[in-house]
Each structure stands twice: as structure tokens, then as C-alpha cells.
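Notes for the one structure printed next.
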Amino acid sequence: MALLWLLIFAGLCYFIGTGLARLGNTKNHEDILVDRINDCLPQTQCAQCDYPGCRPYAEAIAKGEAGINQCPPGGDNTIKALSELLGVEVIALNAAHGETKSAQVALIDEAACIGCTLCIPPCPVDAIVGSGKQMHTVIAEDCTGCELCIAPCPVDCIELVPAKPAATAWQHPAPRQLTQHQS
Amino acid sequence: MSSSAIHALPGGLALSAPMDAHIDATIHELDLQPSYYLPLINYSRTVLHPEVKSGDCVLGGEQLAPGVVAPTSGTLTEIRQHPWPHPSHTQVPTLVLESDGRDEFQQFTVIDHTQVGVEEILNRLENSAIHGLGGAAFNTANKIRRAYEHKNLTLIINAVECEPGINCDDALMQQHPSEVLQACNAIRQWLRLPSAVLAIENDKQTAITALRDDQTPDLTSIKITELPTIYPSGAESPLVQRLTGIKLQPGERATDAGVLCLNVATVLSIHDALMGQAAVDRIVSISTQSLQHSMNLRVRFGTPLKAVIEFAREHNTAIEAAWRSNTQTIRIGGPLSGFAMDMLNAPVLASTNALIVGKEHPLNEATACIRCSECATVCPVNLLPQELYAAAASEQLDTAARYSLDACLLCGCCDLVCPASIPLTPWFRFAKDATRQKQQSDAAAEVARLLSEKHSNRVQRRAIEKEQQEAARRAAAAQRQNSAQDIKAALTRVKNKRPGSGS
């Protein structure tokens, strides 16, 4: 009798377990891989990798169509993270795609802006506010510094500035060549 | 507190000022300065927005920005980039207050804690810009707010002051024992606690005697607890562990565990603020590099370091001699927790507890780790510094986090005992900063990912809608064309039917 109950219990556990697993696992393996690759990317959405954004680039990496060294904003850190994730060699950033820069945000010279709205559609994160013949401005917290708004501006009133003040961005340096001054 | 037994500290070092040290416990007063410099940034490096503009005349104690009050009366001449006392050696937007020499203060009411609610008291602390004077300069109102929620609150008044070369709290307790006890008692009453502990290291016998002599019967609810002199007993988590036995988890604060630790000088500032007096100064210890000579000076926030050093040089020949040996840099903070500073026009802030003048010993060349694990023996929070170092030096931040980098106090005990002279604490500082930066950039990337998802979904939806509209328009045009042809055909038929027509 006890054995029967045990069997019924085991059967129930199996059905509930597989049911839950199916409910929870709505994504297929390929999507999970793309998500994990996408998590390594800086989400700048700058398209310097020759794909229209970070996720399309992640899809291309997952398919084996793109290398892991095409992301200038992510730089060495992204290459390192991708190489660990995918089990491939660390390689140098492909200079053809651009160079790694420190974090930056777009700033509109509001006095010079003519309100043409041309910079608004290219922004991949909707960080520019403005409407026709009205001044535009950048929501600095949302801006990824992708530079896509720079070229469309007919009056060249958008520039890139450091994302954080120097005091906020500063980090304690790695004490490789530690001097008295840095201690 | 369940018992009065003092729990053992797992590590730490018996550090103490030299036996023959000349510590001048008199609190000297610095004259009013012509200008005060108030950085518009807080210690967590968030930029503050001023509530005043240049040209404004202000009174002492008036709030200029969140967490910044005027140290005296005068005119705000400008907001400019100016150095601040921080290891980054950066310049930050700074309010320049030119003193008018009258030193007038804004009048505040006395807050009676039996009459008003806790919010009013915390608002007063917030508006008086009370920050912890122990060294980390936390916002005191926030700290008390977090602790106040707890039903079983323990109040610890931290007068341990364990790092050699810092003796400002010692001087304060020696000179003003009754004020200290009164203030501690007032806070205890306000928090409705039956008792509070004042923790002090047993090498401060003069201060202990002064406090005990002054302890009138109504002040016995403040229990003076002597701790053996072991650095870093005064750091919050070791202190909580020693006095209550509660072991804080990595990243957990004492307030989360229902323990409120307040530095003894901070308690006096809180008391002053509630009594309607602006708390705009602190006591700064100035020592020579050898820690043989030390003096204490009451300095208003915003005073340039240069003015403090000049006063100390004038009044103490040993400090003058130490200064002459190295006029380039000083050290802000203690010999272990401090940092070198060469921008002497930077101001004194709440965190500036001590200055050290003189030539530092050059650091020994670091050699390879010999796995002696001395560092793990002295670590006061039971970490494995050798493992943390390996993780930090190879920039494996996840591994460092697994070894509880978060719990590291940056006390510097491991550096002192390392026979290979490895700069362990500088590596941990680096790893902590890199971790914080990584967390911030990950959070920002997540926001950007969601925004870009929304953006591309919208673009796609628009494209589909446009396609549908286009299709509808084409269908309508085709319809129109069809009906136009129908009409034409009908007209032709009518024409053909008309009598007399046709050929």
C-alpha cells in the first residue's frame, strides 16, 4: 500500500514539475543565448558594430555571423565578458568600428537649436524631447552617448560632453605603480 | 543590551600613540577667516544644487544647499571650481562665502523633544546639515530615521577613537565632560531608551576620569564602557559586534540590526541643533608624522586647510619642524585610513577629523605573496585578504564579492602586517570602486535596453500601421477607379440607348 502511495506521489511530483518547467520556460534556447550575449553589451545602441542596435548584434554573434570585437563603447570589458560567456579567445577591438571613449552624453546648444525635429527619430532610447519649431533638449539620464543625433542636425548644435563630473567619475586607481601621492 | 560582557574582536592590532607622545588636549580656537569654501558635493559624490545665488547675503546657520549651511554671516561672492578634501584631487563647484566679520547667526527655536514629533526633530537635523563627525560624514538624520523604526533599539555612543593620531574626541571629552554627558542623555531620552552605552578605549584614562567625575546621579543611565585598545574597535561593525554580539552581514548596516551608533562629537552637534544653535564647526587633530606631537583646534567647516596648518605651525614648534621637512603634502585622516593631499586650499569638512604634517616613509617595494596568512589573522571582520587581493589584482570582481569585499572596513591592518609589503587595502579600495562603477553602468545599461526595446517596438508598430494605411489607401483608390469605370460604362450605355442616337 505504502508503495502505491509513493508511486502516486512520485507521479504527481513529475506532472507538477514538468508543468511548472514548461510554464516558466517560455523562451527557447537560442533566445536565452541572445539575451545572455545582449547582457554583456553596453546597450549604447550606437550601431558602430554595423548592426542596427545591441540586440541585433547579439543575434548576429549567436548565429556566428559577427565577431566579439565589434563594440567600441564596450571595449575590452565587453570582449572579456563575451569571451568568458562563449568560451572563445580574447581578441583586440577591431579598430575599423571605432575606438573606446569614456562615458559621454549629448548636449544641445538650446540657443542655437531651430526646432527642426530631425535629431529625434534617430535617438534609439527616445532621450531627446522637442517638437516642431520648439527648442529641443536631451534627457541626460537616459542618453547613452551613441552620437546618432549629431549628424542629422542641420545647424550643428549638438555636442558630446563627459557623462559625469570628474569628481563623481573618479575611481581609486589599481595600485600597480603605487606612489606616495596615491596612497 | 543583554549582557555587559565585551565580545572579543577576531583580529585587529594593538596600535596606540607613542608612549611619550605630547598630546595637547586644549581645544584651540581658530580666528574668523576672510573666506569659507563650501563644496556643492556630498561625500557619496552627488552634486548638490544650491538654494542661493552669488551676491546673496546670508547669516550663519542658514541653509545654502541640501546638507550645506553657512559657517558665518557674509556674502556669497561666487560659485567656482575649487579643490575639496578628497583622494581624487579633483575640483568641484564650490560656494565661496566672504565673511562680513559680524559673525551673526540665524535664530532657531529650541526644540523640546517631549512636545514635538520625530519628523520635526529629524527636519531640524536635516536643515542644520548634521553629518557624522567620526570620519565617514553620513547624513545623521537619515541614519536616525533608519534606526528609529526598530522596536528594540540600542544606542551606542562611539567615543572609541581607535586610530592613533586622532584625538579630537578625546580632547572634547576631557574639556567638556558635562556637556557630552548631558547631550548623550538628551538623545537617550528623546529616543525613549532606558540606557545608552558610551564606548571608549582604555588608553584615554584622563577622559574616562573626567566623565566619571562629572557623572551626576541622573546621568548614570549613560554606561561608560571601557574597551581594550585594539584598532579598529571604533569602526561600526566591530564595535556593534563587541558590545552586542550581533554580527553584521556584509553590506548590512548597524541601523538595520537595530543598533544606532553615533560618534560622541556628532551627539553634541545634534544637541546643539535641537537647542537652536548652528553646528558649523568640528575639532580637528593636527599631528606630526611620528605622532609624537599632537594638538587640537576647533575649525569651522569651509576653512581652508592652509589656515589650520598655519595656526598649528605658529602654536606648536614640533609641527612647524615637521612641516619644514615636507611642505608639499599633508595627510587628511589618520595614518591608516587617511589619504595624501597637496591642494591646501581645499576646505575642512565634517569628515576632516585629523591632519598629519611631515614627511611620510617611502613605501617598501611589494614582493610576491608568500601565503603566510598573517593578514587573515589580523582582519577584524574575518575576511581572507590574501584571496581578496588575488581577486582584486586580476580584476575578478565577482570572485572578490564572493570573498565578501563588501564587508572590508579598509582599516589597513593587513597592510601593516604583510611581510611582502603588498598594498592590500589600496587594492581593495580599487576593487570596491570598480564594483560600484560596474553596478552603476549595469543599471544604466538595463535602463537603456528597456528604452531601446520600447523605441524599436514603436518604430515597428508605426511601420506596420503605415503599411496598413497604405494598403487601405490603395484599395480605396482601386475602388474609386473601379467606380469611375462603372460610371463611364453606364454613361456609354445610356448614350447608346438614347433614341435618335447612334450612327
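The values are calculated or read from the model by the stated rules, or taken from the named source; none is laboratory data. Fair warning: this is a prediction, and the values are worked out from it, not measured in the lab. Glycine also receives a Cβ, built like all others from the backbone with ideal geometry; neighbour counts cover every protein chain displayed. Only protein heavy atoms, including side chains, enter the accessible area calculation; ligands, DNA and RNA are left aside. Shrake-Rupley method; radii C 1.70, N 1.55, O 1.52, S 1.80 Å.
A few remarks follow.
- Translational diffusion of the stretch B:22-300, µm² s⁻¹ [Kirkwood Rh, Cα pairs; Stokes-Einstein; 25 °C; 0.890 mPa s]: 124
- Between residue A:77 and residue A:126, the contour length at 0.36 nm per residue exceeds the alpha carbon distance by 15.0 nm.
- Amide H contacts of residue B:293 (H built 1.01 Å from N, in plane; Pro and chain starts excluded): B:22, B:288 sit under 5 Å, all sequence-distant by 5 or more or on other chains.
- Basic side chains Lys and Arg get +1 at the Cβ, acidic Asp and Glu get -1 at the Cβ, and with that the dipole of the protein assembly as shown about its Cα centre reaches some 3480 debye.
- Average projection, convex hull of the Cα set of chain B: 40.4 square nanometres.
- The mean sequence separation of alpha-carbon pairs under 8 Å and at least six residues apart, normalised by the residue count of chain A, gives a relative contact order of 16 percent.
- Amide H contacts of residue B:48 (H built 1.01 Å from N, under 5 Å, at least 5 apart or other chain): B:41, B:42
- Relative contact order [Cα under 8 Å, 6+ residues apart], chain B, whole percent: 17
- Fraction of accessible area attributable to carbon and sulfur, the stretch B:106-188 (%, probe 1.4 Å): 45
- Long-range tail of P(r) for chain A (Cα pairs > 21 Å, %): 65
- Rule-of-thumb Rg ratio for the stretch B:247-398 [Cα; 2.2 N^0.38 Å; N residues]: 1.32
- The stretch B:281-352 and the stretch B:3-33 have Cα centres spaced 17 Å apart.
- Axis of helix A:54-63 versus longest Cα principal axis of chain A: the two differ by about 50°, to the nearest ten degrees.
- Exceeding the 22 Å Cα-Cα cut-off - candidates A:101/A:164; B:247/B:438; A:101/B:438; B:151/B:204: B:247/B:438; B:151/B:204
- Nearest-10 value in Å² for the accessible area of residue A:170, using the 1.4 Å probe: 50
- Proximal aspartates and glutamates to residue B:495, defined as alpha-carbon separation beneath 20 angstrom and excluding residues fewer than eight positions away on the same chain: B:486
- Chains B and A, summed buried accessible surface - 1.4 Å probe, Å², nearest 100: 2800
- Partner lysines whose Cα lies under 16 Å from the Cα of residue B:497, excluding those fewer than 8 positions away in the same chain, are identified as B:488.
- Distance histogram in 10 Å bins (all Cα pairs of the stretch B:344-401, percent per bin): 17, 28, 28, 26, 1
- Rg/Rh ratio calculated on Cα atoms of the protein assembly as shown (Kirkwood radius): 1.12
- Set of aspartates and glutamates near residue A:63 by C-alpha distance (under 14 Å), chain-local residues within fewer than 8 positions excluded: A:30, A:31, A:35
- Residue A:104 long-range amide H proximity, modeled H, under 5 Å: A:163
- Neighbours of residue A:112 by Cβ distance under 11 Å: Lys/Arg scored +1, Asp/Glu scored -1, total -4.
- Look at where the Cα atoms of the stretch B:209-235 and of the stretch A:62-90 average out, and the two centres are 59 Å apart.
- For the stretch B:359-484, the C-alpha radius of gyration sits at 2.17 times the compact-globule guess of 2.2 N^0.38 Å, with N the residue count.
- Charge tally in the Cβ shell below 15 Å around residue B:478, where Lys, Arg are +1 and Asp, Glu are -1, residue B:478 excluded: +1
- Local charge for residue B:193 was computed over the other residues whose Cβ lies under 14 Å away, with Lys and Arg +1 and Asp and Glu -1, and equals +4.
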